[in-house]
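Participant: The structure that follows is given in the form of structure tokens.
The values are calculated or read from the model by the stated rules, or taken from the named source; none is laboratory data. Quick caveat: nothing in here was measured; it's all calculated off a predicted structure. Here the Cβ positions follow ideal geometry from the backbone for every residue, glycine too, while neighbour counts run over all protein chains shown. We work out accessible area using only protein heavy atoms, side chains counted, and drop any ligands, DNA or RNA first. Shrake-Rupley method; radii C 1.70, N 1.55, O 1.52, S 1.80 Å.
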Amino acid sequence: MQSSLSLQSQHLSLPGGHNRNLLTRGFRVPARSGGFRRKPVSAVAVPLARPQVTHSMPPEKVDVFKSLEGWARTSVLPLLKPVENCWQPHDFLPDPTLPTDEFTDQVRALRERTSELPDEYFVVLVGDMITEDALPTYQTMINTLDGVRDETGASASPWATWTRAWTAEENRHGDLIRTYLYLSGRVDMLMIERTVQYLIASGMDPGTENNPYLGFVYTSFQERATFVSHGNTARMAREGGDPVLAKICGTIASDEKRHENAYQRIVEKLLEVDPSGAMLGIADMMRKKITMPAHLMYDGQDPRIFEHFSAVAQRMGVYTADDYADILEFLVGRWKLEKMEGLTSAAREAQDFVCTLAPRIRRLQERADERARKMQPQSVRFSWIFNKEVAL
Ligand SMILES: [Fe+2]
Ligand SMILES: [Fe+2]
């Protein structure tokens with residue numbers, strides 16, 4: 001137990017709409033300097049090097065997913081929204097079909113609304129947008145999962161149908177935030193665009209091993225993390241004087257909520273048909289920590305930009321170690337993991353690990369916060385906001 005705790009202290013927390021493996025480094029809470037409520041910052045994320053494992057699901061378990069196709073059709077696909085009922089970025093943006101004067105008035109109003117938001121807010125929103133924009137990577141990740149991948153690119157399997165439509169829904173998120181940011185004039189689009197290009201070229205390694213048990217645990221967690229993060233950027237936009245941006249972030253958050261529900265339903269079903277296998281998968285992902293999808297982010301200048309972005313998100317309370325523990329506790333409750341019976345002895349151990357992890361994460365975070373309070377405050381320049389300095 002002691003060794004697992006000390007390992008945890010090296011890999012905690014996850015700000016910025018991104019979970020991370022954290023190297024506790026200690027940043028003191030900076031003095032208030034903007035309109036938002038501060039949270040202590042104690043940790044900065046670093047990529048965790050792990051061996052790349054592939055195809056870890058026993059081949060016979062592909063049948064589990066085959067046998068669940070009928071269920072997926074009736075219980076998962078209805079969580080998609082028909083295109084005609086979906087919002088589109090156009091609904092929230094200045095309307096270019098208007099006469100030029102009216103269009104430019106709308107752009108001017110947008111720029112006025114965003115003018116009071118602090119720079120650090122834009123760091124977090126840009127990081128979230130870049131994460132959304134690396135969508136090709138996430139579709140690729142899901143399509144590496146054995147038994148559920150889209151075998152042809154237009155497969156009629158419900159798993160593939162879900163993944164394509166999920167991607168199509170998600171695609172609106174980055175598009176909308178990107179265009180809004182562009183029109184605001186508050187951010188350096190060139191550096192943002194470079195970061196997106198670097199990130200998509202780098203990919204990601206969430207440790208899901210082509211294994212849909214692991215993949216769906218990951219997405220269950222991840223979609224909730226983005227729900228939390230976008231919800232917080234919505235609240236801060238409202239507090240900062242931009243109700244339209246608040247609506248945008250809130251609308252995206254509600255998509256994420258619907259998506260998390262779908263992925264959590266899938267894991268719930270796996271717990272029903274293969275309780276021990278699913279429990280082992282949950283524990284495996286939690287032992288690895290949920291690594292946020294944009295962990296390989298780079299802007300061509302700051303090799304630690306993801307850590308820095310994550311630290312700002314943590315400090316501002318957009319996505320924190322507490323949120324990580326909250327999500328874990330939510331999942332333990334939603335999946336009724338504490339009450340599960342009839343498990344193999346290995347799965348019982350996994351159950352014990354998962355069900356007692358959240359309080360340990362919180363204790364470690366408290367200690368990290370304590371250490372952080374004794375350290376010098378630090379700040380860093382972000383290329384995304386024209387190299388202006390932001391406190392970590
Ligand atoms: Fe999204
Ligand atoms: Fe999402």
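Participant: Looking at the range 257-294, which of its residues are over 24 Å from GLU69 (Cα atoms) and either within 16 Å of ligand 1 (Cβ to nearest atom) or more than 18 Å from the chain's Cα centre (by Cα) (or both)?
Facilitator: ALA283, ASP284, ILE290, MET292, PRO293, ALA294
Participant: Under 9 Å between Cβ atoms, at least 6 apart or on separate chains: pull out the pairs that start in the range 108-136 with a residue that is closer than 15 Å to GLU193 by Cα and end on any residue that is of a type in the set (Phe, Trp, Tyr) and within 15 Å of ligand 2 (Cβ to nearest atom).
Facilitator: Qualifying pairs under 9 Å: ASP128/TYR319.
Participant: Looking for whichever is within 28 Å of ALA160 (Cβ to Cβ), in a helix (DSSP H, G or I) and open to solvent by less than 10 Å² (accessible area, probe 1.4 Å) here; the options are ILE248, ILE282. Which one fits?
Facilitator: ILE282 is the lone residue from the list that is within 28 Å of ALA160 (Cβ to Cβ), in a helix (DSSP H, G or I) and open to solvent by less than 10 Å² (accessible area, probe 1.4 Å).
Participant: Take GLU341 and tell me if it is more than 23 Å from LEU117 (Cβ to Cβ), modelled with pLDDT of 95 or more and in a loop (DSSP other than H, G, I, E, B).
Facilitator: In short, yes.
Participant: Would you confirm whether any residue within the range 363-382 is closer than 23 Å to ARG186 by Cα and among the acidic types (Asp, Glu)?
Facilitator: No, because not a single residue in the range 363-382 is closer than 23 Å to ARG186 by Cα and among the acidic types (Asp, Glu).
Participant: For the structure I just gave you, tell me whether SER202 is within 20 Å of TRP71 (Cβ to Cβ), open to solvent by 20 Å² or more (accessible area, probe 1.4 Å), more than 16 Å from ligand 2 (Cβ to nearest atom) and of a type in the set (Ser, Thr, Tyr).
Facilitator: No; evaluated as a whole, the condition is false for this residue.
Participant: Still on this model: When you look at PHE353, is it of a type in the set (Phe, Trp, Tyr), open to solvent by 10 Å² or more (accessible area, probe 1.4 Å) and in a helix (DSSP H, G or I), yes or no?
Facilitator: Here the answer is yes, as PHE353 does meet what is asked.
Participant: Would you mind stating whether SER254 is among the hydroxyl-bearing types (Ser, Thr, Tyr) and over 19 Å from the mean Cα position of the chain (by Cα)?
Facilitator: Judged against the criteria, SER254 is not a match.
Participant: Got a sec? Which of ARG238, ARG258 is open to solvent by 10 Å² or more (accessible area, probe 1.4 Å), in contact with a Leu (Cβ under 6 Å, 6 or more places away or on another chain) and assigned to a helix (DSSP H, G or I)?
Facilitator: Matching residue, one of ARG238, ARG258: ARG258.
Participant: Continuing with the same structure: Can you confirm whether ARG287 is open to solvent by 70 Å² or more (accessible area, probe 1.4 Å), in a helix (DSSP H, G or I) and either of a type in the set (Gly, Ala, Ser) or touching a residue at least 12 places away in the same chain (Cβ under 8 Å) (or both)?
Facilitator: On the way: open to solvent by 70 Å² or more (accessible area, probe 1.4 Å): yes; in a helix (DSSP H, G or I): yes; either of a type in the set (Gly, Ala, Ser) or touching a residue at least 12 places away in the same chain (Cβ under 8 Å) (or both): yes.
Considered against the rule, which asks whether it is open to solvent by 70 Å² or more (accessible area, probe 1.4 Å), in a helix (DSSP H, G or I) and either of a type in the set (Gly, Ala, Ser) or touching a residue at least 12 places away in the same chain (Cβ under 8 Å) (or both), ARG287 comes out as yes.
Participant: List pairs: first in the range 225-249 and within 23 Å of ALA321 (Cα to Cα), second of a type outside the set (A, V, I, L, M, F, W, C) and open to solvent by 10 Å² or more (accessible area, probe 1.4 Å), Cβ under 6 Å, 6+ apart or cross-chain?
Facilitator: Once the first residue is within 23 Å of ALA321 (Cα to Cα) and sits in the range 225-249, its partners that are of a type outside the set (A, V, I, L, M, F, W, C) and open to solvent by 10 Å² or more (accessible area, probe 1.4 Å) give PHE227/LYS257; VAL228/ASP323; ALA234/GLY250.
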